[in-house]
Amino acid sequence: MSSNTSVKKIQFADATLNDPRWAIVKARSAEADGKFYYGVRTTGVYCRPSCAARPARPENVSFYETREEAEQAGLRPCKRCQPDRPTLAEQHTTRVTQACRIIEGMENIPTLDVLARQAGMSTYHFHRVFKQVTGLTPRQYAVVQREKKVRDELGHGGSVTDAIFDAGYGSNSRFYEKSNKILGMTPTRYRAGGIDTKIRFAIGECSLGSILVAQSDRGICAILLGEDAEKLVRELQDNFPRADLIGGDADFEQLVAQVVGFIEAPGIGLDLPLDVRGTSFQQRVWQALCEIPVGQTVSYTDIARRIGSPRSVRAVAQACAANRLAVAIPCHRVVRNDGGLAGYRWGVERKRSLLEKEKEAGEETWA
């Protein structure tokens, strides 16, 4: 072997060993499938990162962003991992998407057996895959869609009874048992845009800017933060366009002061009745958020795991963004996997400030 050839091999090996993708290939990580491919010069094939074939020598490996790049380099797809076909995750996503369309199109909730047969899987495997992809079980997804449909039907007018049956509820009584949790009020009031619903509110000031606290007869239904008090009121009006919004009296302003006090000194705690409205998945996420101790943070991935849906990280982030109860449901305690501050409904700077105050409160507790 010539010295030039030896030098080139060493250079190729060093380039591969210093590439972070090499560790992923050695770990055969299926999570990286579709994100890049690696080729082996000696065999003339390219593979997925998860390929179960015997590892190639690093000096013979090249990395490619796409299948097209690998094939343009003269490589052919590996017969073992078949990188030119959809990944298993992509196949699962396609089948679950088809199942979701079936659920959305059926008047009654389909059985697990029916959905599994349509997807070509066993009931156990389908149930597990569906939850991994959506963050919900098939039945939970069907219930969420039915709740969404009844809200849409009520918004279009017509009789409440028709809306309830058109959404797939078998009887009025079954829906009315859950209507407060689903709509936050009776169906008639919801259809009327919250008419006759009394919501007291007041606006205060804190170190984070303006704060609006609103309370229905069930509990605190909104804690909003911002720079412009008028915008906060308009946001509340948009949620209840025909509700009776009542400015808070002195007693209610004491409640606002309690929330402001918690923001400024998190160590005192906040114990208020909450009027929490959302889908079953959102409520699972929000409950998990409320279990995060003051002064601690967790990642979106951690929350997904805690609620038993490890692949629903994006859905967890969306549930955090849908939270209307700032600080009471502490979505500010959720950060990226690297500890960085991701987006926050009321601004990243407010999120940073809240976390700093909570960290200080924790240090004082241990001092």
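What follows is calculated from the coordinates using simple rules that are stated; it is not laboratory data. In this text, all values refer to a predicted model and were calculated from it rather than measured experimentally. No Cβ is skipped: glycine too gets one built from the backbone with ideal geometry, and neighbour counts run over all protein chains shown.
For every residue, the table says whether it meets (1) under 30 Å from ARG311 (Cα atoms); (2) among the hydrophobic types (A, V, I, L, M, F, W, C); (3) in contact (Cβ under 8 Å) with a residue 40 or more places away in the chain.
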residue: ALA15; (1), (2), (3): no, yes, no
residue: PRO20; (1), (2), (3): yes, no, no
residue: ALA32; (1), (2), (3): yes, yes, no
residue: ARG41; (1), (2), (3): no, no, no
residue: VAL45; (1), (2), (3): no, yes, no
residue: ARG54; (1), (2), (3): yes, no, no
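Could you list, in sequence order, the residues of region 194-213 that are aliphatic (A, V, I, L, M) and farther than 20 Å from PRO266 by Cα? Can you show your working first?
Here is the first cut: in region 194-213, the residues aliphatic (A, V, I, L, M) are 195, 199, 202-203, 208, 211-213.
If the condition is that a residue be aliphatic (A, V, I, L, M) and farther than 20 Å from PRO266 by Cα, then ILE195, ILE199, ALA202 are the ones that fit.
Output the residue which, of all residues in region 66-100 that are closer than 21 Å to ARG139 by Cα and either of a type in the set (Val, Ile, Thr) or touching a strand residue (DSSP E or B) at 6+ places or on another chain (Cβ under 9 Å) (or both), is surrounded by the most Cβ atoms within 10 Å (Cβ to Cβ).
Applying the filter and picking the extreme gives VAL96.
In the list GLY39, GLY74, which residue meets the criterion of being small (Gly, Ala, Ser) and under 23 Å from SER6 (Cα atoms)?
Details: GLY74 fails: under 23 Å from SER6 (Cα atoms).
Only one candidate qualifies: GLY39.
Looking only at region 112-124, count how many residues are under 26 Å from the mean Cα position of the chain (by Cα) and surrounded by fewer than 13 Cβ atoms within 10 Å (Cβ to Cβ).
So the answer is 1.
Check every one of the helices (runs of 4 or more DSSP H) wholly within region 285-367 and list those with 2 or more residues that are of a type in the set (Asp, Glu) and farther than 30 Å from VAL233 by Cβ. Explain how you work it out, then say what you get.
Details: elements: 300-306, 313-321, 348-366.
The qualifying helices (runs of 4 or more DSSP H) are 348-366.
Would you confirm, using the coordinates I've provided, whether ARG345 is closer than 29 Å to THR134 by Cβ and in contact with a Ser or Thr (Cβ under 7 Å, 6 or more places away or on another chain)? Working first, answer last.
Values: closer than 29 Å to THR134 by Cβ: yes; in contact with a Ser or Thr (Cβ under 7 Å, 6 or more places away or on another chain): no.
Answer is no for this residue.
May I ask you to list pairs of residues, at least six apart or on different chains, whose Cβ atoms are under 8 Å apart, with the first in region 343-358 being more than 21 Å from ASP228 (Cβ to Cβ) and the second being aliphatic (A, V, I, L, M) and surrounded by 20 or more Cβ atoms within 10 Å (Cβ to Cβ)?
Close Cβ pairs (under 8 Å, with a partner that is aliphatic (A, V, I, L, M) and surrounded by 20 or more Cβ atoms within 10 Å (Cβ to Cβ)) amount to LYS357/ILE263.
Given the condition surrounded by 21 or more Cβ atoms within 10 Å (Cβ to Cβ) and either closer than 30 Å to SER216 by Cβ or touching a Leu at 6+ places or on another chain (Cβ under 6 Å) (or both), answer yes or no: does some residue in region 289-296 qualify?
The first filter runs over region 289-296 and keeps only residues surrounded by 21 or more Cβ atoms within 10 Å (Cβ to Cβ), leaving 289.
Keeping just the survivors that are either closer than 30 Å to SER216 by Cβ or touching a Leu at 6+ places or on another chain (Cβ under 6 Å) (or both) gives 289.
Yes.
Considering only residues that are charged (D, E, K, R) and buried (at least 16 other Cβ atoms within 10 Å of the Cβ), look in region 29-60 and name the one that is nearest to the chain's Cα centre (by Cα). Walk me through it before giving the result.
Keep residues of region 29-60 that are charged (D, E, K, R), which gives 31, 33, 35, 41, 48, 54, 57, 59.
Checking the rest, the ones that are also buried (at least 16 other Cβ atoms within 10 Å of the Cβ) come to 33, 41, 48, 59.
On the way: ASP33: 22, ARG41: 42, ARG48: 28, GLU59: 41 Å.
Ranking the qualifying residues of region 29-60, first place goes to ASP33.
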